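Report on the following structure.
The values are calculated or read from the model by the stated rules, or taken from the named source; none is laboratory data. The structure displayed is predicted, hence computed values, not measured ones. FYI the Cβ positions are ideal-geometry reconstructions off the backbone, even for glycines, and counts take in every protein chain you see. SASA here: full protein model, heavy atoms, side chains in, ligands and nucleic acids out. Shrake-Rupley method; radii C 1.70, N 1.55, O 1.52, S 1.80 Å.
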Amino acid sequence: MTELLKITNLTYKKNYKTILDNINLSIGNGKIIGLLGENGAGKTTLMRLIAGVNSIKEGVITVDDKTKKIDIKKNVSLSDELGGFGRNTKVSEMVDFYQNVYPDFSMEKYQEIAQYLDLDESKRLSSLSTGTLGKLVIALALARNTKLYLLDEPMSGIDSMSRKKIISSIIRWKSDDSTIIISDHYVTEIASLLDDIVIIKDKTVYEMRSVESIQEKYHLGVEEYYEKVYEGGLPNE
Amino acid sequence: MSNINRINKDLFRQRGKLVSIILGFHILAIVLMMLYKKVFKVTDPTSLTGGVLIAIITGIVLLVISVIYVFDSSKYRLIPISSNGLYFSNILSAFFAIIYLLVGEAIIYFGANAIFPNPYDQMMIRDFNVNQYWFQIKLVIAFILGIMLILVGSVVIRLLVSLIGDLLPIKKQTFATVILTLIVIWAVMVPFNVITANTLILLGVQEVTTSFSSIVRMLNMSLFILVAWNVVLTFLNLYLLNRWSEATR
Amino acid sequence: MSKVLEIKDLRYKKNHKVILDKVNLSLDNGKIVGLLGANGAGKTTLMRLIVGLNSKTSGQITVAGVESKEAIKSCVSTTYSLKSAFKDVFANSWLERTRIKDIVKFYQTVYPDFSLDKYQEMADFLALDSRQNLKNLSTGETEKLTIALTLARQVQLYLLDEPLNGIDIMTRKKIIKSIIQWKNEEATMIISSHYVKEIAALLDDVIIIKDQTIYEVDSVEEIQNKYHLGVEAYYEQVYGGGSADE
């Protein structure tokens, strides 16, 4: 199996405070990976570091054997909170922007996803509800044809009807050889999607293991296992 | 009544702090300037009037922001107190903050002049000391009333803009809000000017001469009109606040 | 049993768009009620109308028998006060440094029904550090503080608007626990959340908002007995339009 993402000895500090410490991680092609950790554990920071939005202070991140930021940006699609767009922007204008700046943005794929999620292109950002906004973020992120997708809490604050649609669109539009890293606080809900989980605890990667092995070894659901890890109730071999 | 006292305590403390910070910065600025002049042996006299003006304007702008914020904020709108109570508490604390600011600035101004005398400001002080105490007091009152009118007027404009913005079928857009604010300010200013000018004429100020008595009469008229406008706009504010306005933050 | 909340023919329009229409609701004392609805259905608007942050277009809202906005504010505790404190113009600037301590003091001065003892108990349970600066709080800590402050007031009606949004599971469990532990018997609590399953165990009744109005108010038991469905499944069915309306 080829390694799509490889992180070695990554440390990130901000204002003299260590946010992430000595992260080592290696992830293969064609997987869906859950990134779990409590509020403030550093999940978002890690994703932003991988995508090259935050600058790496110490350590190396390799995506598809490339370490240059430009090459990494070509291969990574990070779900964007769309904060950079004015509240007046029309959905169609945002789609145009994506099409212009990302050569791998597939209009057809976007149209398909948008149709499935009932997105209205003529609306302005300010008039979208939280649910619709979440759908738009997903549609834009998935419409790029890249090897690595980073979805940062794509379902936070979204009603359960929209959540189900978002989950099914992730399954449907993920290409076989691409990898998705997804973070969410409702682990049970996304558990069925996941191949592996990465747990962040105490500023570093506590462990990475497959969902199967959790079930086999501990006879636990992903969420229970994750909680146990945080409560320290698990004998770590 | 006890609830009004509760919110008064918070607002008075907050605004007292705001003004104290401005005064502190002003003192610091004067000290630094004097040190600079001592160290580099600059002998040109420097007037302190500009600094006082800047401090007062900064204070007024910050107070306007803070007064408007109270009406926008759920934090204050949720306090169990009537809208009228909130309004008066807000305006009253701003009023005392202004008094504090003016008194503080006066002390700084005269104090700095006593320690670092300079010819410009000594001339200003001499000019003002014309032994017309009654006139001077009125002048200060007019000044304070003018600042109050700025505060009350800003609230009127804020409330009107959000009311009209809600009634129009436009989405809250920054650009539209800016345009709307300009239109409302203009719409408020037109009747304001017309009514004020006409009242002045009605009250008998046709010719403005430079004689002292006509200046005194002019000042009396202005005082009257300032009070009248403050009262009228306060009633408008209370109506808007009770019936229409919503917390936006 | 006395009614803690009564709403009659409530209507709310904004920018010529009807947000809520013909809302009628009546809630008893001592209940925990879930407020459910899709994003943009008007849950937050309804809560803000009850407490008087938005001004209703027409209709009547009575809380614990009183109708004046001022009186209502003294018998309803909501999560909005703290949310707006985060957007304070001067807070977090060099002019003002707001610590948890300062906010607690504000609550204490402003709300006569704020119980410091109760707040302390909850803050200890939720492990809140009162010296912390407001702007340094993580999402989880913010929500813990919100809950502690909101519940520390001794009132008849609590409105909790998405108290569990974006919060990790460990914190969520603690928040739910503290809701159970510190809610007093006679008070009624309205909670909105998108994770219905998680709060379902708490709930006595659910209110479903759909199509700008209250689609229905049902007790959780009734839903189970009548439709043999969990609350979440039932709610999704209502929105899917699949529920057979008797």
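A few notes on this one:
- Across every pair of non-identical alpha carbons in chain C, the mean reciprocal distance, once inverted, gives a Kirkwood radius of 18.9 Å.
- J(HN,Hα) series, region A:142-151, from Karplus relation 6.51 cos²θ - 1.76 cosθ + 1.60, nearest Hz, glycine and proline x: 6, 6, 7, 9, 10, 8, 10, 10, 10, 10
- Cα gyration tensor category, rounded, prolate or oblate, for region B:1-129 with a/c compared to 1.5: prolate
- Pairwise burial C:B, computed as accessible area of each alone minus the pair, summed, 1.4 Å, Å²: 3300 Å²
- For region C:105-122, heavy-atom accessible area (probe 1.4 Å) falls by no less than 30 Å² from the chain alone to the full protein assembly at C:106, C:109, C:110, C:111, C:112.
- The stretch between residue A:88 and residue A:217, if pulled fully straight at 0.36 nm per residue, gains 41.3 nm over its current Cα-Cα span.
- For region C:208-219, 3J(HN,Hα) computed residue by residue from phi via the Karplus equation (6.51, -1.76, 1.60; θ = phi - 60°) reads 10, 9, 8, 6, 6, 8, 7, 6, 6, 10, 9, 7 Hz, glycine and proline entered as x.
- Using the 1.4 Å probe convention, the accessible area of the protein assembly as shown works out to 47 Å² per residue with neighbouring protein chains retained.
- Solvent-accessible area, 1.4 Å probe, carbon plus sulfur percent, for region B:131-249: 77 percent
- Spin-label proximity, residue C:154 to region C:24-45 - amide N less than 17 Å from point 7 Å beyond Cα toward beta carbon: C:30
- Nonlocal amide H pairs with residue C:20, under 5 Å, H built at 1.01 Å: C:12
- In this structure, the amide hydrogen of residue C:35, modeled 1.01 Å from its nitrogen in the peptide plane, lies closer than 5 angstrom to those of C:191, C:192, C:193, C:207, counting only residues at least 5 positions away or on a different chain.
- Threshold 30 Å², region A:146-160 residues less accessible with all protein chains present than alone (1.4 Å probe): A:157, A:159, A:160
- Given charges at beta-carbon only (K, R positive; D, E negative), |dipole| of the protein assembly as shown in Debye: 2760 debye
- 3J(HN,Hα) from dihedral phi, region B:35-45, Karplus parametrisation 6.51/-1.76/1.60, rounded to Hz, x for glycine, proline: 4, 4, 5, 5, 5, 9, 6, 7, 10, 4, x
- Neighbours of residue A:4, meaning other residues whose beta-carbon lies under 12 angstrom from its beta-carbon, give a summed charge of 0 when Lys and Arg score +1 and Asp and Glu score -1.
- Contact-buried residues of region A:34-50, at a threshold of 20 Å² lost accessible area versus the chain by itself: A:38, A:39 (1.4 Å probe; DNA, RNA and ligands ignored).
- Of all accessible heavy-atom area on region B:1-129, the percent that carbon and sulfur account for (1.4 Å): 75 percent
- Computed [θ] at 222 nm, helices only, for chain B once each DSSP H run of length n ≥ 4 contributes -39500 (n - 2.57): -29500 deg cm²/dmol
- Positive-end residue, chain A charge dipole about Cα centroid, Cβ charges, pick of A:18, A:175, A:110: A:18
- Scanning residues 5 or more positions from residue C:5 or on other chains, those with amide H under 5 Å from its amide H are C:27, C:64, with H placed 1.01 Å from N in the peptide plane.
- For residue B:31, net neighbour charge (Lys/Arg +1, Asp/Glu -1) across residues whose Cβ lies under 12 Å away: +2
- Applying the criteria of a DSSP loop state and at most 16 other Cβ atoms within 10 Å to the chymotrypsin sites (Phe, Trp or Tyr not before Pro) of region A:1-101 yields A:16, A:85.
- Rounded percent of accessible protein surface that carbon and sulfur make up, region C:133-198, 1.4 Å probe: 46 percent
- Simple Cβ-charge dipole of region A:1-128, Lys/Arg +1 and Asp/Glu -1, about Cα centre, in debye nearest 20: 640 debye
- Fluctuation leader among A:145, A:24, A:100 - chain A, Gaussian network, Cα springs under 10 angstrom: A:100
- Region B:131-249: relative contact order as a whole-number percent, Cα under 8 Å and 6+ apart: 46 percent
- Accessible surface buried once C binds A (1.4 Å probe; total of both sides; Å²): 1900 Å²
- Since only A:199, A:99, A:219 are under comparison, the one whose Cα sits farthest along the positive direction of the charge dipole of region A:85-237, derived from C-beta charges on Lys, Arg, Asp and Glu, is A:99.
- Which of B:233, B:146, B:244, positive extreme of dipole for region B:131-249 (C-beta unit charges): B:244
- Simple label model, 7 Å out from Cα along Cβ direction - residue C:127 to residue A:3, nm: 3.4 nm
- What you get for region B:131-249, charging only the Cβ of Lys and Arg (+1) and of Asp and Glu (-1), is a dipole of about 240 debye around the Cα centre.
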